[in-house]
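Here the structure comes first, spelled out in structure tokens, and everything after it is commentary.
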Amino acid sequence: MKLKDCHNFSDFRKLAKKKLPSPIFHYIDGGADDELTLRRNTESFNDCDLVPNILASVGKPDLSTTVFGKKIDMPIFLSPTAMQRLYHHDGDKASARAAEKFGTFYSMSTMANNSIEEIADISSGPKLFQLYVHKDNSITDDLIDRCRVSKFDGMCLTVDTLVAGNREKDHRTGFTTPPKLTLQSLMSFALHPQWVFNYFTHGKFEMSNVKNKTDKGTNISKSVIEYINEQYDPAMSWKDAEYCVKKWNGPFALKGVMAVEDAKKSYRYWVHSNNGFKSWRKAAGWVKITF
Amino acid sequence: MNLDDCHNFRDFRKLAKKKLPSPIFHYIDGAADDEITYDRNTSSFNDVDLVPNVLRGVENVDLSTTIFGKKLDLPFYLAPTALQRLFHYDGERAVGKAAQKFNTMFGVSALATVSVEEIASLVDTPKMFQFYFHKDRGLNDSCLERAKAAKFDVMALTVDTITGGNRERDLRTGFTSPPKLTPSSLFSFATKPMWGINYLTKGKFELPHLQDYVKEGTDTNTSIGQYFSTMLDQSMNWKDAEKLCSQWGGHFALKGIMSVEDAKRAVDIGCTGIMVSNHGGRQLDGSRAPFDQLAEIVDAVGDKLDVICEGGFQRGTHMLKALSLGAKACSGGRLYLYALAAGGQAGVERAIEKYKAELVRDMKLMGCTKISDLNRDNLRFRR
Ligand SMILES: Cc1cc2nc3c(=O)[nH]c(=O)nc-3n(C[C@H](O)[C@H](O)[C@H](O)COP(=O)(O)O)c2cc1C
């Protein structure tokens, strides 16, 4: 099976499964607990039918839309995801370049393996940074300042990851970052020599954005769950969000809003504290994917 | 497994699968994307139950219905489908003659493999010509004039193929027309030698309505998606349809209407019928199923033109449900295509015979003797 045999989502998934050591595949593929919500996320689309109109002289449809004050060429963009270098040795560089090519947003996770500066260097396309509020305030400040210097277009604060979800597949496969070789996972890594080769020959694995601030970013094999629980501030409140909004002073979204009440509250805060952040209001409520 | 062993839709499908090289089978059997709409086209019938009436004296059942001013002996007809000689070497000849035997209508596709002139010489029961709106206006005029000269009764303009659907099975099997031998498909063709022998010995494969105009009509291997996307005119609009309707000057239908708004406009431009259809789920996956959308459309325009429910039919009871909701007739493609592949004209006749027998039996069990006895009181929706 090759890239040219991939015609849809499930084909890409199949090929990824072939290429990745299983702990890494399941880190991408898994959801929390019984994965009911993971399944429902896609199934929900099937409870609704499209009613087409015909004879509409369609010609070439314009797919562009405007978010975070930026016009993008298509109405979908790449959500921030952690540690892309585990999936392919080019990591965030690959996804940033691809997004730029199609004129849409690339998003960088706080837990990316490329630095804010590195990505700003290789891509002039629209860029979004995804922020976690760390217990150590200076980490958060540092990230925001660097994004401003590197001219990121927007910022989103992830609010649905105060504590890590219960990703049972990761418990079973023993997923850690950087990958730790346990007896259990050894087999799977051994069966994917190409991945292992690329992983070790394409530069050091690190969480580039936080590496200077915490040793957790680098050497010690931590499960993602432990990392989240140690570094992220579970006491994060609306005040913290407001602090970030003010500090960033640009298009800002909350990522992971579900309740109408919270969506409204995002708007109220916007009215209170800022006048220029239209996209906060727009963004609240539509992004709901965890990292 | 023989034709004698085929008792229902599934049996015909199974036998067709045995007989056809896999790229061809999957061209018939497949649909767009995740095939969710394709599945829904049939499963939608199961969300509603029939409520029979009893003690009504039902020994004689009349299944006839009138659409486009023609009385048909059956309340369903055979939808136009492309490339039938790939499915069986007699292709449209077999389908036309079978339809004639039961006095029902059948459609000839713009992508038919037998010409309208030949069909007209073989079949004198009601016929529909299915029109694709090409960029090449000369080709459009030629199709229209030829169908008119051949005295076709109805013209149906297909409006749901403005661009090719994403038929992923075809991407995988490499289906093109005429069939192209690739290493991966070769094996499949080699394991169905009878199909290959018939294909090569029973006359040259052509697309008679297109071949004078385009290379896609004949020797070059083209995928159906390519044909839709490169040859059809994506700027087609209501004006074009209206012009075509008056140029034809007879019964005219739009095939592939889904919204009430469009159904009303069809009335305005002079259509005498519409097919509520999503092209058998082969175009826009996620689109509404014809049966799900039928009531709305019947309510809006059912008294002004013939509303035909098209797609998903596998059983007589499915048809009874659509007719009860207010469809004037039912139409289907795979309904007879598997049977065509399974046994040519004899196969199609057997399939029609089976559906007819089911309809008669089901009508009696429902306590109905004519199609107009069916109405919404016969139905209960579960939701
Ligand atoms: C193999 C195949 C070929 C088709 N070719 C055409 C065609 O050339 N023109 C057209 O308007 N519709 C075409 N259709 C769509 C049918 O007319 C009809 O809408 C569809 O088959 C209904 O769904 P059903 O197969 O579930 O009955 C085709 C369908 C199939 C299955």
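Projecting label points 7 angstrom from Cα along Cα→Cβ for A:Ala32 and A:Asn198 puts them 3.1 nm apart.
Between B:Arg56 and A:Ala235, what FRET efficiency follows from the Cβ-Cβ distance if R0 is 56 Å, with the result rounded to 0.05? Can you show the working numbers first?
Values: r = 74 Å, r/R0 = 1.33.
According to the calculation, E is roughly 0.15.
For region A:1-68 versus region B:51-83, the spacing of their alpha-carbon centroids is 42 Å.
From helices alone, the protein assembly as shown scores -12500 deg cm²/dmol at 222 nm; the rule is -39500 (n - 2.57) for each run of n ≥ 4 DSSP H residues, then divide by the residue total.
Per-residue packing, averaged as other Cβ atoms within 10 Å, sorts the ranges A:91-101, B:289-299 into the order B:289-299, A:91-101, beginning with the highest.
Per the Kirkwood formula applied to alpha carbons, the protein assembly as shown shows a radius of gyration over Rh ratio, Rg over Rh, of 1.05.
Over all residues in B:15-24, what is the mean tally of Cβ atoms on other chains that come within 10 Å of each residue's Cβ?
Numbers: counts 0, 0, 0, 0, 0, 0, 0, 0, 0, 0.
The shielding value for this peptide is 0.
Per-peptide packing, taken as the mean over residues of other Cβ atoms within 10 Å, places B:356-369, A:146-159, A:24-37, B:93-106 in the sequence B:93-106, A:146-159, B:356-369, A:24-37 from highest down. For A:Leu38, the solvent-accessible surface computed with a 1.4 Å probe is close to 70 Å², ligands and nucleic acids excluded.
Within the assembled protein chains, the solvent-accessible surface assigned to B:Glu242 is about 90 Å², based on a 1.4 Å probe.
Derived scalar couplings between HN and Hα for region A:48-61 equal 9, 10, 8, 10, x, 10, 10, 6, 9, 6, 5, x, 9, x Hz in order, rounded to whole Hz, by the Karplus curve 6.51 cos²θ - 1.76 cosθ + 1.60 (θ = phi - 60°), x for Gly and Pro. Loop-resident trypsin sites (Lys or Arg not before Pro) (DSSP state other than H, G, I, E or B) in region B:142-195 with no more than 11 further Cβ atoms inside 10 Å of their Cβ: B:Lys151. Determine the distance separating the Cα centre of region B:284-304 from the Cα centre of region A:69-107; give it in Å without decimals. Result: 40 Å between the Cα centres. Averaged over the residues of peptide A:22-33, the number of Cβ atoms from other protein chains lying within 10 Å of each residue's Cβ is 0.
Note that the protein assembly as shown presents 45 Å² accessible area per residue, ligands and nucleic acids not counted, probe 1.4 Å. Looking at the protein assembly as shown, the DSSP beta bridges with both ends there are about 25 percent antiparallel. Stokes-Einstein diffusion of region B:3-378 at 25 °C, 0.890 mPa s viscosity, Kirkwood radius from Cα pairs, rounded to a whole number: 118 µm²/s. Applying both filters, DSSP loop and at most 14 other Cβ atoms within 10 Å, to the trypsin sites (Lys or Arg not before Pro) of region B:105-139 gives B:Lys135. Rg and Dmax, both from the Cα atoms of region B:328-383 and both in Å, are 14.3, 41. Separation of region B:85-111 from region A:117-140 is 64 Å, based on Cα centroids. Near the amide H of A:Cys156, within less than 5 Å, lie the amide hydrogens of A:Phe129, A:Gln130, A:Leu131, A:Ala253, all on another chain or at least 5 residues away, with H placed in the peptide plane.
Evaluate peptide A:41-51: per residue, the Cβ atoms of other protein chains within 10 Å of its Cβ; return the mean as an integer.
Working: counts 0, 1, 0, 0, 2, 7, 0, 2, 13, 8, 11.
Mean number of neighbouring Cβ atoms from other chains: 4.
Comparing mean-square fluctuations of B:Trp195, B:Trp248, B:Trp238 from a GNM of chain B with C-alpha springs under 10 Å, the top value falls on B:Trp238.
Report, to the nearest whole %, how much of the accessible area of the protein assembly as shown belongs to carbon and sulfur atoms, 1.4 Å probe, protein only.
Answer for the protein assembly as shown is 53 percent, counting heavy atoms of protein chains only.
Each label was represented as a point 7 Å from its Cα along the Cα-to-Cβ direction; for A:Arg172 and A:Val58 these points are 4.1 nm apart. When chains A and B come together, the accessible area they lose, probed at 1.4 Å and totalled over both chains, is close to 1800 Å².
Computed on region B:3-378, with alpha-carbon pairs under 8 angstrom and 6+ residues apart, the relative contact order is 28 percent. Multiplying the residue separation of A:Arg13 and A:Tyr267 by 0.36 nm and subtracting their alpha-carbon distance yields 87.7 nm.
Computed with a 1.4 Å probe over protein heavy atoms only, the accessible area of A:Ser44 comes to about 40 Å².
The values are calculated or read from the model by the stated rules, or taken from the named source; none is laboratory data. Owing to the predicted nature of the structure, the values given are computational and were not obtained by experimental measurement. Quick reminder, even Gly has a Cβ in these numbers, built from the backbone with ideal geometry, and neighbours come from all protein chains shown. We work out accessible area using only protein heavy atoms, side chains counted, and drop any ligands, DNA or RNA first. Shrake-Rupley method; radii C 1.70, N 1.55, O 1.52, S 1.80 Å.
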